[in-house]
Amino acid sequence: MTVQIDHALEEIRRFRPSPEFAAQAVADESLADAARADRLGFWADQARNLLQWEKPFTRTLDWTNPPFAKWFDDGELNVAVNCLDRHVAAGLGDRVAIHFEGEPGDSRDITYAELTAEVKRAANVLTDLGVGEGDRVAIYLPMIPEAIVSMLAVARIGAVHSVVFGGFSADSLASRIDDAEASLVITADGGYRKGRVFPLKPTVDEAIAKTGGSIENVLVVRRGENEVDWTEGRDHWWHETVGEASAEHEAKAFGAEHPLFILYTSGTTGKPKGILHTSGGYLTQTAFTHKNVFDLHPESDVYWCTADVGWVTGHSYVVYGPLANGATQVVYEGTPDTPHPGRWWEIIEKYKVSILYTAPTAIRSFMKLGRKIPQEFNLRSLRLLGSVGEPINPEAWIWYRHVIGGGSIPVVDTWWQTETGAIMISALPGITDLKPGSAQVPIPGISIDILSDDGTPVEGEGGGLLVVTEPWPSMLRGIWGDPERFKQTYWEKFGTEPTKAMYFAGDGARRDEDGDIWLLGRVDDVMNVSGHRLSTAEIESSLVAHPWTAEAAVVGASDETTGQAVVAFVILKASQAELVTDPAEASEELRRHVATQIGAIARPRQVFIVNELPKTRSGKIMRRLLRDLAEGREIGDTTTLADTSIMQVISAQVR
Ligand code: ATP
Ligand code: MG
């Protein structure tokens, strides 16, 4: 059987880049031409132009043992030097690297010279604590500058970081420490979230007690000033060690394939996987995409990516891409609505942010609150908007462009994964005609195809499986400690012969007549209604296009007559919630709306009006839990949910 995903939602809006934007754009057509003419030569040029190599490479790609790739592997570089020292050496030491904004309102500007000195001090302390090349360091910190300093200090000495999002429980932290056998944890006493100090150090103590005993030292940043227990000999204050250390540190160069970090996926579909990334290829593609997809002019732009460093977006587009490019960026510690719902817009006004990169979940929550809040702030400094993490519904795209972007600036929807390390599919601003809802085109040097189950290309508009057909510089190098799982999960979808090695991303997609790619949702979530495979993303977008809807999640639930039936969960906009007094009538109206917009086949069997949706800590909808609910099953594993009580709340609303 082949995968054919029915789609009928016609999205016909197109936005040409303005001539003014195009005239100043960083990216131009020559990039795609060069990549088409000589793909490996193109990446070799990017690696040489964007990075500083201590020993130049002579081999671009070694793919003799697929799926284990080596990029630039006889070259040597230091990742931290590329992000710091070389900018200082180039005379940019006084440029602000980080405008830090704490949740309570404290703020701090850190220049490239200051950041470099701090990383050198931290690197000296790590070495004193016995951390050496290849050793793993767990980082469990709030979104404060020390998180970035820690990552770079670990990279500088050739150790491997494993950042664990500060919202994770002791159990999640313990299992990640054990999986990587980390010898050091860097944490804080606590951080600020929703107007309060949330303790971190106690969670670390609890986690360490549950581990197999690999942790030798704990380095603690003072941030929350909350009371903490102290284990003499094991625990060390950051300000007493890093604060006192020498800012002299000579960095050694490491091979391009030297491991840089392990990071666990979000866990939207199941147990998180420890994804391994290495140095030279990863830094090449993050720097390239950060520069070209965000149209970065480092001398004048103020960039802000709202992701936490606990996610891959924070790794690639807060730490490595922006700092490799010498960008000036905002780092904000807290939540968007503390102490007031306009906090993000206030920050944009304060720092004159010109490039904003965020997730659809945030955009939809602002849509839910209404446009009045952002309209109270001056957002005219913005000149480019980005989105990542889930498909962005066309209606959310339009809202983002109009309400936040003032109606005329580019919005780029960037598709990628923890595994891909960097952006793979996106419009290039200034070149690509923008289409709301489509991630659009593979970036230059990336080979994407859409295949049916048997590995044949899906022609025309039918949907299929999204695959990457050629290795790419920032690709994952494995799952930590589990090469078999790495091969099975990603590379054996179309057979086990090495010649067929193609990367299967787990997402469904289709290509339109212009060659633009539309993400249809995760293959695990695809619904089969009377033999038609329907896309979750398209039905959700149709629901969000209704003026009442702020956010929607759609699942397929088993059904006696149709095999599966569409079941939708919808959050109404705050402004509509009062007007819609009869939920039964609202459901009926939304069912009718989908049937008219897409077709009778997509009409939901049920539409439940709810106040919340189950999400991972990174804000992605976890449809498998809604499927359990829709089928009346016991709710499955909820450990990666941001709020584990949410399924009880939703269950009660649905009854
Ligand atoms: P797990 O693999 O553990 O289930 P996850 O897939 O949510 O977790 P991430 O690597 O954080 O972990 O997310 C990558 C996924 O997010 C992609 O496979 C895709 O489903 C979705 N995604 C990211 N960006 C986009 C986008 N621009 N459009 C559509 N989907 C996107
Ligand atoms: Mg995934």
Practice problem: Over the residues of the chain, compute the C-alpha Rg and express it relative to 2.2 N^0.38 Å. | Solution: 0.93
Quiz item: With charges only on Cβ, +1 for K and R and -1 for D and E, what is the dipole size of the chain about its Cα centre, in debye, rounded to 20?
Solution: 840
Quiz item: Which of the aspartates and glutamates could be linked to residue 70 by a straight reach, that is with a Cα gap under 17 Å, when you skip same-chain ones fewer than 8 residues away?
Solution: 45, 62, 257, 419, 470
Self-check item: Lys, Arg +1 and Asp, Glu -1 on Cβ, resulting dipole of the stretch 96-220 about Cα centre, debye, nearest 20
Solution: 180
Quiz prompt | Net length gained if the chain between residue 352 and residue 62 were fully extended (0.36 nm per residue, minus Cα distance) | solution = 100.0 nm
Quiz item: If you roll a 1.4 Å probe over the chain with all protein chains in place, what percent of the accessible area is carbon or sulfur?
Solution: 48
Quiz item: Measuring with a 1.4 Å probe in the full set of protein chains, what accessible area per residue, in whole Å², belongs to the chain?
Solution: 37
Quiz item: With a ≥ b ≥ c the root eigenvalues of the C-alpha gyration tensor of the stretch 353-495, is it rounded (a/c under 1.5), prolate (a/b larger than b/c) or oblate?
Solution: prolate
Self-check item: Overall Cα dimensions of the stretch 575-617 - principal axes, largest extent first, Å
Solution: 32, 29, 16
Exercise. Could you sort out which of 271/500; 252/291; 372/573; 273/487 sit more than 18 Å apart by Cα distance in this structure?
Key: 271/500; 252/291
Quiz item: What shape does the stretch 151-273 take by its C-alpha gyration tensor, where a ≥ b ≥ c are the square roots of the eigenvalues and a/c under 1.5 counts as rounded, a/b above b/c as prolate, and the rest as oblate?
Solution: oblate
Practice problem: Name the residues whose placed amide hydrogens come within less than 5 Å of the amide hydrogen of residue 608, ignoring near sequence neighbours (fewer than 5 apart) on the same chain. | Solution: 568, 569, 570
Quiz item: Average projected area of the Cα convex hull of the stretch 555-655, in nm²?
Solution: 7.1
Quiz prompt | Modelled FRET efficiency - R0 41 Å, residue 338 with residue 22, Cβ distances, 0.05 increments | solution = 0.60
Exercise. Restricting to the chain, compute how many DSSP beta bridges are antiparallel as a %, nearest 5.
Key: 60
Exercise. For residue 615, list the aspartates and glutamates whose Cα falls under 14 Å from its own Cα; do not include residues on the same chain fewer than 8 positions away.
Key: 390, 551, 637, 643
Exercise. Please report the base-10 log of the normalised intensity I(q)/I(0) for the stretch 485-610, using a Debye sum with one equal scatterer per alpha carbon and no solvent, at each q in 0.21 (1/Å).
Key: -1.15
Quiz prompt | Computed label-point distance, nm, for sites residue 232 and residue 584 using a 7 Å Cα→Cβ extension | solution = 7.1
Quiz item: Antiparallel DSSP bridges in the stretch 251-354: what percent, to the nearest 5?
Solution: 60
Quiz prompt | Hypothetical label at residue 299: residues of the stretch 315-348 whose amide nitrogen lies under 18 Å (7 Å Cα-Cβ projection) | solution = 325-329
Practice problem: May I ask for the distance between the Cα centers of the stretch 305-374 and the stretch 598-655, given as a whole number of Å? | Solution: 27
Self-check item: Computed magnitude of the charge dipole of the stretch 318-399 (debye, nearest 20; Cβ of K, R +1, Cβ of D, E -1)
Solution: 220
Self-check item: lysines with Cα under 16 Å of residue 194, excluding same-chain neighbours fewer than 8 positions away
Solution: none
Quiz item: Which whole-number percent gives the relative contact order of the chain, counting Cα pairs below 8 Å spaced six or more residues apart?
Solution: 14
Quiz item: Considering only the stretch 177-321, what is the antiparallel percent among its DSSP beta bridges, to the nearest 5?
Solution: 55
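The values are calculated or read from the model by the stated rules, or taken from the named source; none is laboratory data. These figures come from a predicted structure and were not determined experimentally. No Cβ is skipped: glycine too gets one built from the backbone with ideal geometry, and neighbour counts run over all protein chains shown. Just so you know, the surface numbers come from the protein's heavy atoms only, side chains and all, with ligands and any DNA or RNA stripped out. Shrake-Rupley method; radii C 1.70, N 1.55, O 1.52, S 1.80 Å.
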